[in-house]
1. Those residues that are surrounded by 14 or more Cβ atoms within 10 Å (Cβ to Cβ) and polar (S, T, N, Q), I need them from the stretch 120-145; list them, please.
2. Could you check R186 against (1) over 16 Å from Y58 (Cβ atoms); (2) surrounded by 14 or more Cβ atoms within 10 Å (Cβ to Cβ) and say which number it fails?
3. Quick one: which of V67, V48, V8 is under 22 Å from H214 (Cβ atoms) and surrounded by 12 or more Cβ atoms within 10 Å (Cβ to Cβ)?
4. Whether any residue in the stretch 125-140 is in a strand (DSSP E or B) and either within 20 Å of N69 (Cα to Cα) or touching a residue at least 24 places away in the same chain (Cβ under 8 Å) (or both) is what I want to check.
5. Go through the residues of the stretch 1-18 one by one and say whether even a single one is touching a strand residue (DSSP E or B) at 6+ places or on another chain (Cβ under 9 Å), touching a residue at least 60 places away in the same chain (Cβ under 8 Å) and among the acidic types (D, E).
6. Within the stretch 207-225, which residues are of a type outside the set (A, V, I, L, M, F, W, C) and in a strand (DSSP E or B)?
7. In the stretch 175-206, which residues are under 20 Å from the mean Cα position of the chain (by Cα) and not in a helix (DSSP H, G or I)?
8. Considering the stretch 158-174 alone, what residues qualify as being in a helix (DSSP H, G or I) and surrounded by 15 or more Cβ atoms within 10 Å (Cβ to Cβ)?
Amino acid sequence: MTITAVLVDGGFYRKRARFLFGKVGPEERAKELVKYCSLHLRDTDNDVPRHLYRIFYYDCPPVNRNVYNPLLKRTINLGMSATYDWTLRFYKALTAQRKVAIRMGRISNETGYRLKAESFKKLCAGTLDISQLTTENDLALEFGQKGVDMRLGLDIAHLAYKRLVNQVVLISGDSDFVPAAKMARREGIDFILDPMGIPIADDLSEHIDGLRSHYRDYLNAKAEPQS
């Protein structure tokens, strides 16, 4: 039997899930994440069944601080936003799911709004005026995460050295995890990457044992009529 641990880059998953599966409530997103991860257990190698060890979810707490908005020319309390409330409810719902462990990093002090690249291009091209800029369409809230990559790497090392699993599925598209993938493979771990349909860098592709995205399977299963 193959013992599989599924590790989820939380910020990456939530962004891709919103794009692929649409906007949903926090409770539904939590259940969706578990169902999506479970699709990897259906993959088999030479008819060897897979057993879920645990789903590890890595993220940071939502931003709860005052940030200056240059368009509105005033400070915004992000702790009073709908996004803050949604994220807290999502984490609470996720902790209630079976075999899910949450690993939290922290938010750095470097938090603020930036102009989106597409909006900047339109401004330079003259197709968008400064007076037409809006927070929702043209600004992105940027913040740095601390400790997320470290926690993910430590968990992979622990799983590999303790021989707790023989397969790791990583849901991410970040090349920062290359050292962790290389270490796991040296310890005999079958390392599968699920980038949820996005292209990955060559250095990441070089250090994995398989590339499998299941977003189409999830969409197909969701579209099937319920009996």
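1. Within the stretch 120-145, T135, Q145 qualify.
2. (2)
3. None of the other options fit; the residue is V8.
4. Yes, that holds for at least one residue.
5. For the stretch 1-18, residues touching a strand residue (DSSP E or B) at 6+ places or on another chain (Cβ under 9 Å), touching a residue at least 60 places away in the same chain (Cβ under 8 Å) and among the acidic types (D, E): present.
6. Listed by number, the list holds a single entry, G210.
7. Passing the criteria: F191, I192, L193, D194, P195, M196, G197, I198, P199, I200, A201.
8. L159, A160
The values are calculated or read from the model by the stated rules, or taken from the named source; none is laboratory data. What you see is a predicted model, and the numbers here were worked out from it, not measured in a lab. Positions of Cβ are backbone-derived with ideal geometry, glycine not excepted, and every protein chain shown enters the neighbour counts.
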